[in-house]
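Shown next, in structure tokens, is the structure this report addresses.
The values are calculated or read from the model by the stated rules, or taken from the named source; none is laboratory data. Everything numeric here is computed off the predicted structure, so don't read it as measured data. Neighbour counts are summed over all protein chains in view; Cβ atoms, including those assigned to glycine, are modelled from backbone coordinates with ideal geometry.
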Amino acid sequence: MTKLQEFTNFLKTVPLAEYRRRYSHIKIVEMDLPKDIQAIELLYTVYWDEKKFLTFDEFYERYLKEKGLAAEQFRIKTTMCKDCFSRGLKARICRTWTGLITQIHAGYAAESVFGEGSVFMSAELDHQGADIRVEYRGHFLNYQVKKTSFAGVKSNRPLPRKGSLEGEAIDIFYEVPTCLSDPKKKDGEYRRPYLRFLEDTRTEAFDNGFVVFTQEAFLPKKQEIDQKLK
């Protein structure tokens with residue numbers, strides 16, 4: 001089984017609706033967090049570098065072991081009550097977790113296209129504007145992904161990037177319709193946003209609500225490079 005298949009199977013087991021019910025309404029810890037207690041770097045370490053596919057509760061347990069002391073020091077500094085901070089921090093990290101593991105899944109999809117060892121992901125690259133960085137046949141590709149609302153006409157304006165990474169900047173815009181769980185109108189016809197989603201072979205939806213990228217998001221660029229280097 002490939003890592004893409006393994007990670008896909010893992011994502012399909014995540015009780016996303018339960019996490020939303022449990023955490024989406026808790027927005028207590030919304031201030032800027034110091035870098036040493038942010039979860040992004042640890043998420044890349046666990047799910048990309050170590051390739052350990054932990055449940056959210058398992059990940060949060062590791063987070064507390066590695067960053068719990070710094071988090072407690074920050075809580076004391078901000079004078080927040082222990083219960084409020086604990087509940088708010090876990091809810092905030094869960095939202096970060098659900099967003100970033102789908103992005104990391106895209107990294108595995110890209111690697112399945114460009115080859116093992118061709119994809120780089122990290123908190124530093126994320127900060128520089130490359131959600132997924134690919135090195136393939138002498139080409140550097142810096143992918144950035146953005147969920148959008150359908151506006152009829154797609155903007156040609158590139159997404160902002162904080163760094164100046166070598167290589168080609170590639171933006172992937174995709175739509176996640178709000179009607180995924182209720183795709184039909186009263187007359188039985190499918191809603192237009194749902195039909196657009198079905199037509200976009202770059203993405204697919206799992207039964208639990210996750211929307212992920214497929215290999216089709218990366219194949220065109222690989223084929224373009226291969227064609228040029230024939």
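Within the bounds of region 43-57, is there any residue that is surrounded by 16 or more Cβ atoms within 10 Å (Cβ to Cβ), without any contact (Cβ under 8 Å) to a residue 40 or more places away in the chain and touching a Leu at 6+ places or on another chain (Cβ under 7 Å)? So far as region 43-57 goes, yes, one or more of its residues are surrounded by 16 or more Cβ atoms within 10 Å (Cβ to Cβ), without any contact (Cβ under 8 Å) to a residue 40 or more places away in the chain and touching a Leu at 6+ places or on another chain (Cβ under 7 Å). Listed by first and then second residue, the pairs with beta-carbon distance under 6 Å, at least 6 apart or on different chains, first residue in region 123-148 and farther than 17 Å from Tyr174 by Cβ, second modelled with pLDDT of 95 or more and aromatic (Phe, Trp, Tyr), are Ala123/Tyr44; Arg133/Phe120; Val134/Phe114; Tyr136/Phe114.
Within region 23-33, can you find the residues that are more than 20 Å from the chain's Cα centre (by Cα) and either β-branched (Val, Ile, Thr) or surrounded by 13 or more Cβ atoms within 10 Å (Cβ to Cβ) (or both)? Matches in region 23-33: Ile26, Ile28, Val29. The residues of region 118-130 that are within 16 Å of His105 (Cβ to Cβ) and crowded, with 20+ Cβ neighbours inside 10 Å, listed by number, are Val119, Met121, Asp126. Can you tell me how many residues in region 211-230 are more than 20 Å from Lys3 (Cα to Cα), outside any helix (DSSP H, G or I) and not aliphatic (A, V, I, L, M)? Of the residues in region 211-230, 1 are more than 20 Å from Lys3 (Cα to Cα), outside any helix (DSSP H, G or I) and not aliphatic (A, V, I, L, M).
Under the condition of being among the hydroxyl-bearing types (Ser, Thr, Tyr), surrounded by 15 or more Cβ atoms within 10 Å (Cβ to Cβ) and either assigned to a strand (DSSP E or B) or touching a residue at least 40 places away in the same chain (Cβ under 8 Å) (or both), the residues counted in region 172-210 number 2.
Specify which of the listed residues (Ser86, Ser24, Ser118) is over 30 Å from Thr2 (Cβ atoms), free of Cβ contacts under 8 Å to residues at least 60 places away in the same chain and among the polar types (S, T, N, Q). Break it down stepwise before answering.
Numbers: Ser24 fails: free of Cβ contacts under 8 Å to residues at least 60 places away in the same chain; Ser118 fails: over 30 Å from Thr2 (Cβ atoms).
Residue meeting the stated conditions: Ser86.
If I filter region 5-19 for residues that are more than 19 Å from Lys65 (Cα to Cα), in contact with a Lys or Arg (Cβ under 8 Å, 6 or more places away or on another chain) and at pLDDT below 95, do I get at least one hit? The answer is no; no qualifying residue exists.
Tell me the helices (runs of 4 or more DSSP H) entirely within region 28-140 that contain at least 1 residues that are closer than 26 Å to Thr8 by Cα, assigned by TED's automatic domain parsing to the domain that holds Leu11 and at pLDDT 95 or above. Don't jump to the end; show me each part of the working.
Working: elements: 40-44, 56-78, 82-114, 123-128.
Hits in region 28-140: 40-44, 56-78, 82-114.
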